[in-house]
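No value in this document is a laboratory result; all are computed from the given coordinates. Please read these numbers as outputs of a predicted model, since none were measured by experiment. Counting neighbours? That spans all protein chains shown, and the Cβs are built from the backbone with ideal geometry, glycine included.
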Amino acid sequence: MRIATFNCNSIRTRVDRVVALLERHEIDVLALQETKCKDDQFPLLPFEAAGYEVAHVGHSQWNGVALVSRVGIEDVEVGFPGQPGWGDPAQAEARAIGASCGGVRLWSLYVPNGRSLGDPHLAYKLDWLAALREAGTAWLTEDPQAQIALMGDWNIAPRDEDVWSVAFYEGRTHTSPGERAAFQGVVDAGYADLARPYTEGPGVYTYWDYTQLAFPKRRGMRIDFVLGSPTLRTRAEGAFVDRDERKGKGASDHAPVVVEVADAG
DNA sequence: ATGGTCGATATTCGA
């Protein structure tokens, strides 16, 4: 089974590219982030015509996550247990959706950006990741053999080699110790990066800013990850970042991460 | 072989 994650930065703008991505790489399940639309605005037909089912949650022009599957999509869950909200009163944003596809429990996650050090959004980001860690711990306590994939835009570069310049990110979000600790918390709960062993850096990125010629200058960040539970990790047998998808007019500012998972034994 | 931001209930704000 081939699974992938992609921050598409508006599904309505890029639906043709996304369907082409599915077909080009024979992807079975794709986690999308930043669909930037409400449920009734999601362009379902092109996916159905290509043989895929879709589970999506979107409340507005912001955020929005989906799972796209050609191996079934069952027990859809909007938001994870304990997911913090934003605003007054706090309401859950469209940042997490889970479903069971082909025997794997998959989550499409769009971790809050954080904006800047000291911004309330950064505290929200850290709370959100702490709650995800708690949920992830509970899932594995309930069933240590569970096949779980946590896929998405984590808005964190866990290692120095995951950014084009450590100095550039000094004093900004994405590399701060607190954010890295929050990411590591999810790893410590039992979820391993399935792609990194097959996509070693430095210089392997999944996001490049639209401005300042960041992509041709290779100024990027690795912030999109597929984390797998212990049993899923044993099935991972390859991965790649589809850097070509970032090229050309009409590209998202992210590239997809694709992971090959062996058949359950 | 890629290119001087982009997207949205837009005309500013979030990324």
message = Can you report the principal axis dimensions of region A:107-265 using only the alpha carbons, biggest first, rounded to whole angstrom?
response = 47, 36, 25
key: Computed over chain A: relative contact order in percent, which uses C-alpha pairs under 8 Å that are six or more apart   = 18 percent
task = Among the lysines, select those whose C-alpha is under 17 Å from the C-alpha of A:LYS249, and discard any that sit fewer than 8 residues away in the same chain.
result = A:LYS217
request  = Determine which residues of region A:82-106 fall in the zone a paramagnetic label at A:HIS121 would reach in this model, i.e. backbone nitrogen under 15 Å from the point 7 Å along Cα→Cβ.
outcome  = A:86-87, A:93-95
task = Based on other C-beta atoms within 10 Å, arrange A:PHE6, A:PHE215 from fewest to most.
result = A:PHE215, A:PHE6
task = Count charges around A:LEU32 for me, please; just the other residues with Cβ under 11 Å from its Cβ, Lys/Arg as +1, Asp/Glu as -1.
result = 0
request  = Could you grab the relative contact order for region A:101-168? Cα pairs under 8 Å, six or more apart, rounded to a whole percent.
outcome  = 43 percent
query = To the nearest 0.05, how large is the calculated FRET efficiency for A:GLU74 and A:ALA264 if R₀ is 22 Å and r is the Cβ-Cβ distance?
reply = 0.85
key: Value of D in µm² per second that Stokes-Einstein yields for region A:2-261, Kirkwood Rh from Cα pairs, at 4 °C (1.567 mPa s)   = 71 µm²/s
Separation of the A:PHE168 and A:ASP16 label points, Cα + 7 Å toward Cβ, nm = 3.1 nm
remark   = So, over other residues within a Cβ distance under 9 Å of A:THR5, counting Lys, Arg +1 and Asp, Glu -1, the net charge is -2
ask   = Just how many % of Cα pairs in region A:176-265 lie over 15 Å apart, if you round to the nearest whole percent?
value = 63 percent
